[in-house]
Amino acid sequence: MKRLTRITAVLIQLQSKRIVTAKEIAERFEISLRTVYRDIKTLQDSGVPIGSENGVGYFIVDGFRLPPISLTEEEANSLIISETFIKKQGDKSLAKNYDSLIIKIKATLKNFQKENLALLSTRTLNFTKDKINESNWLSDIQKSISNKIQLEINYRSLYKEELTLRKIEPQAIYYTNNTWIVIAFCHLRDELREFRLDRILKLNTTMISFEKMHSFNFQEYIENL
């Protein structure tokens with residue numbers, strides 16, 4: 001990758017998150033940390049307001065924005081692959097939000113790219129034989145996790161078919177066996193529990209915030225499943 005192209009890509013990466021570490025940049029572009037520091041210095045010298053937190057990473061000062069980015073053919077094609085998976089994952093709220101996003105992205109494409117994508121979409125298939133367990137709560141649960149807002153759900157258990165009202169504090173979500181699962185602290189059971197989204201009959205977002213569970217480590221949790 002040419003240095004100018006890489007530096008532009010580094011700038012886009014910096015805008016993708018609140019904080020980006022030098023290690024993340026180095027691993028993405030397969031360059032040394034010394035090269036990362038030099039690229040950051042070049043961007044700063046050109047007037048890009050890049051700040052840093054010692055031992056944490058780099059960030060773009062609020063208010064700075066790049067003009068609309070042009071997608072490469074390969075990047076545009078990847079949209080079709082992700083679209084086929086999103087439409088098959090089962091949660092209607094995620095599919096709806098993705099459709100809205102993809103329309104906005106496609107609106108920035110050139111006409112020949114739109115035509116190529118239209119063709120590619122008719123030649124790409126995600127074939128799944130197993131039953132997909134449909135749900136409609138993923139979007140609300142994502143917001144609950146990021147904003148740390150308690151949810152109230154009507155939940156029908158899988159094995160007992162027991163209907164209960166639960167107040168939960170969502171911690172993380174994962175997808176397995178065509179089913180979305182939320183890991184949450186359950187006030188009824190006073191412990192971490194897993195809830196299948198397709199078993200949630202009703203969901204209400206409360207105005208009650210909760211504290212982050214510092215004892216919860218998602219990586220360790222998944223490894224111990």
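The values are calculated or read from the model by the stated rules, or taken from the named source; none is laboratory data. If you're wondering where the values come from, they're calculated on a predicted model, not measured in any experiment. Counting neighbours? That spans all protein chains shown, and the Cβs are built from the backbone with ideal geometry, glycine included.
The table below gives the values:
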{"quantity": "Failed criterion for Arg38 (all others in (1) outside any helix (DSSP H, G or I); (2) closer than 19 Å to Asn54 by Cα hold)", "calculated": "(1)"}
{"quantity": "Qualifying residue in the range 158-168 (condition: under 25 Å from Lys87 (Cα atoms) and modelled with pLDDT under 95)", "calculated": "yes"}
{"quantity": "Criterion: aromatic (Phe, Trp, Tyr) and under 22 Å from Ile80 (Cα atoms) - qualifying residue of Tyr155, Tyr175", "calculated": "Tyr175"}
{"quantity": "Inter-residue pairs, beta-carbon under 8 Å, first assigned to a strand (DSSP E or B) and in the range 115-138, second among the acidic types (Asp, Glu), 6+ apart", "calculated": "Ser135/Asp91; Ser135/Asp198"}
{"quantity": "Qualifying residue in the range 120-135 (condition: among the β-branched types (Val, Ile, Thr), over 22 Å from Asp198 (Cα atoms) and surrounded by 12 or more Cβ atoms within 10 Å (Cβ to Cβ))", "calculated": "yes"}
{"quantity": "Every pair of residues 6+ apart whose Cβ atoms lie under 9 Å, when the first sits in the range 6-18 and is farther than 10 Å from Asp39 by Cβ while the second is at pLDDT 85 or above and of a type in the set (Ser, Thr, Tyr)", "calculated": "Leu14/Tyr58"}
{"quantity": "Within the range 151-204, tally of residues that are under 20 Å from the mean Cα position of the chain (by Cα), among the polar types (S, T, N, Q) and more than 13 Å from Ser135 (Cα to Cα)", "calculated": "3"}
{"quantity": "Failed condition for Leu203, given (1) in contact with a His (Cβ under 9 Å, 6 or more places away or on another chain); (2) more than 22 Å from Leu225 (Cα to Cα); (3) of a type in the set (A, V, I, L, M, F, W, C)", "calculated": "(1)"}
{"quantity": "Val48 touching a helix residue (DSSP H, G or I) at 6+ places or on another chain (Cβ under 9 Å), of a type outside the set (Lys, Arg), at negative phi and outside the structural domain of Lys114 (by TED's automatic domain parsing)", "calculated": "yes"}
{"quantity": "Members of the range 57-79 found to be modelled with pLDDT of 85 or more and surrounded by 11 or more Cβ atoms within 10 Å (Cβ to Cβ), listed by number", "calculated": "Gly57, Tyr58, Phe59, Ile60, Asn77, Ser78"}
{"quantity": "Glu152 being surrounded by 15 or more Cβ atoms within 10 Å (Cβ to Cβ) and not in a helix (DSSP H, G or I)", "calculated": "yes"}
{"quantity": "So Leu163, is it over 26 Å from Ser78 (Cβ atoms) and surrounded by fewer than 16 Cβ atoms within 10 Å (Cβ to Cβ)", "calculated": "yes"}
{"quantity": "Matching entry among Lys41, Lys17 (being outside the structural domain of Ile173 (by TED's automatic domain parsing) and modelled with pLDDT under 90)", "calculated": "Lys17"}
{"quantity": "Pairs where the first residue, in the range 70-82, is under 21 Å from Leu94 (Cα atoms) and touching a residue at least 12 places away in the same chain (Cβ under 8 Å) and the second is of a type in the set (Gly, Ala, Ser) and surrounded by 12 or more Cβ atoms within 10 Å (Cβ to Cβ), C-beta under 6 Å, 6+ apart", "calculated": "Ile80/Ser121"}
{"quantity": "Count - residues of the range 137-182 that are among the aromatic types (Phe, Trp, Tyr) and touching a helix residue (DSSP H, G or I) at 6+ places or on another chain (Cβ under 9 Å)", "calculated": "4"}
